[in-house]
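The values are calculated or read from the model by the stated rules, or taken from the named source; none is laboratory data. Just so it is clear, the model here is predicted, and its values are computed rather than measured. Because the Cβ atoms are built from the backbone with ideal geometry, glycine has one as well, and the counts that use them run over all protein chains shown. Remember, those area values only see protein heavy atoms, side chains included, never the ligands or the DNA or RNA. Shrake-Rupley method; radii C 1.70, N 1.55, O 1.52, S 1.80 Å.
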Amino acid sequence: MSHQESQKLDNVNPLETRVEDVIERGDNDFLDDNHDQDEHSESSQSHQAVDESDSSEDEVAPRNTIGDVPLEWYKDEKHIGYDIAGRKITKKERRDKLDSFLASADDSKNWRKIYDEYNDEEVELTKEEIKHIRRLLKGKAPHAEFDPYAPYVDWFKWDDAKHPLSNAPEPKRRFIPSKWESKKVVEYVRAIRKGLIKFDQPKEEPRFYRLWGDDSSSADRTKHLAYIPPPKPKLPGHEESYNPSLEYIPTQEEINSYQLMYEEDRPKFIPKKFTSFRSIPAYENAIKDSFERCLDLYLCPRVRKKRINIDPESLKPKLPSRKDLRPYPSTCYLEYRGHEGAVLSISVEPSGQWIASGSKDGTVRIWEVETGRCLRVWEIGEAVQLVAWNPLPELPVLAASVGADVLILNTGFGNEEEQKRVKELLHIGTPTSDDSDDMSSFLSWIQDEKYDCIRLRHYRLSKRLTQRFPFKLHGLPVSSVFHPTRSIFFVATKKNVRVYDLLRQKLIKKLETQLREVSSIAVHPAGDNLIVGSKEGKLCWFDMDLSSKPYKTLKCHPKDITKVAFHRSYPLFASCSDDCTAYIFHGMVYADLNQNPLIVPLEILRGHTSYDGRGVMDCKFHPRQPWLFTAGADSSIKLYCH
């Protein structure tokens, strides 16, 4: 049977199956006349039926191509689907029942036609299709040549077989009762007699039950943990009595006041007094109360669901109070003014007595921290990008980065013995003039471009030696910093931070910042933690012993972070940004490796003004006090104290 025939058979059941009615009622007008002809042609057509192909080449594609989409979706539309070309199949106009009856009365073949709702057309069944339907209704196979009682063929037995599948004789255990099973039965019988095995008794429903009783106390209901008894209505009291006491009957003023209340606050029943039962009228709200009672039973939750009630405040991390984390910088104490351009970098002397600053106006200045006086000025003539004091207090020299050169300046501080050592180190001869404000001699190194790699120069001023360690970087370097105690060097590119061992000259670790662009880095005094600032306002804390990915990522600044810094002795770190603010954080690192670092935001320092789109350019902590120095694009330096 082809696909089109099966398609028509599928449409018989949900549609107008008049053929089935004809067969069921035994319409012999047609079937009896053609019965002999069908039996005669059945044998001749059986051979043709066998030769029919079931391949998809003989199948006829349906007219409607909507597939398994329900036809109810097109109930309100003017079309019923789409054909193979994508055009809409418009619905035919429906005739009324009288016209359809007259048309069917005039058509002798109308009983063969069925309505195909899927394709919206009438289909006339052929004799072969009626014959198939007739066989299917009788429970037979649609093809007459199919034999449901074909002889069984034993494929493992044949007449010429010399050896059977198994020559083993039948075992004796197949014919003798099992002793093990009999022992088991005896054990079960003894256990039942002793009461060790108990059977479930049939439940006997009580003949009477309490109408106003509580179902929650019943033993059979309490077995289920999720059972909730239905809500019981309130028992009638004195107010519902037909002859209540006078104190339950409201006055006319109280009845008038009920009309001014909201409907949900208004009492549903107003007591009235009657002399006898015969004088009690029908309850006017009987149907309404019954309906509300049904709603209560219907809307009552029938299953107890376990819901976790979580207080939102409990999800917040329990941070210590800011009062317990003092001291930390909070107010502006002093301001250093003298530069004419943006202050790009500052550096605090190891003893904390002086501070150096480099500006865009081409000058390097040294200030006294406590008084704010400017002690020395060097006119470089070019923007000073970075300044740094020597970490050894006995050698008061200052390094300044100007373009491609690094200048080593003699500050002139210290006693005569220290100045003598500085002059011997820098090979400074006797100055020609006595003016101490003149620019001192300096050393300059120019970037080596001979090799296609970055040259990191580790200066040993004590031995006057320069070591070169070539490292290949995958990206432009943004910032670099040394480990505070070990010979480890950190180099930050725009995406990653690479950690190198200078003694072994190899890469130790690569930190993935997951940031858009890194702007600055700072290392914790213990050397095991690192903070990274980015140009998208995010601050990342890395635990070197934990992972190569950030332990915490803080979104604190709305603009670019220009600098980050750690305090040497206090558990403080800071970040400054172009939004003219500096954030102070409490960052405690514990000696116990099982305890994570504690990070608490403390204060937001304001005071700088924006100039040319830039804010705070640099920030440094005082080496001994919980003070913070900030350098801004407004050519000022501020000191914040606790």
- Each residue of the range 594-603 in order: what ³J(HN,Hα) in whole Hz does its phi give by Karplus 6.51 cos²θ - 1.76 cosθ + 1.60, θ = phi - 60°, with x for Gly and Pro? 7, 9, 6, x, 9, 10, 10, x, 10, 8
- Solvent-accessible area per residue for the range 238-295 at a 1.4 Å probe radius, Å²? 90 Å²
- Enumerate by residue number the GluC sites (Glu not before Pro) in the range 333-415 meeting two conditions: DSSP loop (anything except H, G, I, E, B), and at most 14 other Cβ atoms within 10 Å of the site's Cβ. 340, 370, 382, 394
- For the range 235-373, what % of the accessible area comes from carbon and sulfur atoms, probe 1.4 Å? 53 percent
- Using amide H atoms built 1.01 Å from N in the peptide plane, name the residues 5+ places from residue 572, or on other chains, whose amide H lies under 5 Å from its own. 567, 587
- Item | Accessible-area ranking of 367, 155, 111, largest first, probe 1.4 Å | 155, 111, 367
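Please give the per residue accessible area of the range 101-144, computed with a probe of 1.4 Å over protein heavy atoms only, in Å². List each step's numbers first, then the result.
Values: 2500 Å² over 44 residues.
Per residue, the range 101-144 has 57 Å² of solvent-accessible surface.
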- Run the accessible area of the range 470-641 with a 1.4 Å probe and give the carbon-and-sulfur part as a rounded percent. 48 percent
- Task: Using Cα pairs closer than 8 Å and at least 6 residues apart in sequence, work out the relative contact order for the range 485-525, in percent.
- Result: 35 percent
- Task: Would you kindly find the accessible area of residue 506, with a 1.4 Å probe and non-protein molecules such as ligands, DNA and RNA excluded, rounding to the nearest 10 Å²?
- Result: 100 Å²
- Please compute the net charge surrounding residue 327, taking Lys and Arg as +1 and Asp and Glu as -1 over other residues with Cβ under 15 Å from its Cβ. +3
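Counting only heavy atoms of the protein chains, get the accessible area per residue of the range 511-559 (1.4 Å probe) and round it to a whole Å² value.
41 Å²
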- Task: Using packing as a proxy for protection, rank 193-206, 610-623 so that the peptide with the highest average count of other Cβ atoms within 10 Å comes first.
- Result: 610-623, 193-206
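Rounded if a/c is under 1.5, else prolate if a/b is larger than b/c, else oblate: which is the range 238-295, with a ≥ b ≥ c the root eigenvalues of its Cα gyration tensor?
Judged from the Cα gyration tensor, the range 238-295 comes out oblate (a/c at least 1.5, b/c at or above a/b).
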- Message: As a test of reading the structure, rank 78, 184 by solvent-accessible area (1.4 Å probe, protein chains only), most first.
- Response: 78, 184
- Amide H to amide H under 5 Å from residue 334: which residues, 5+ apart in sequence or cross-chain, H placed 1.01 Å off N in plane? 639
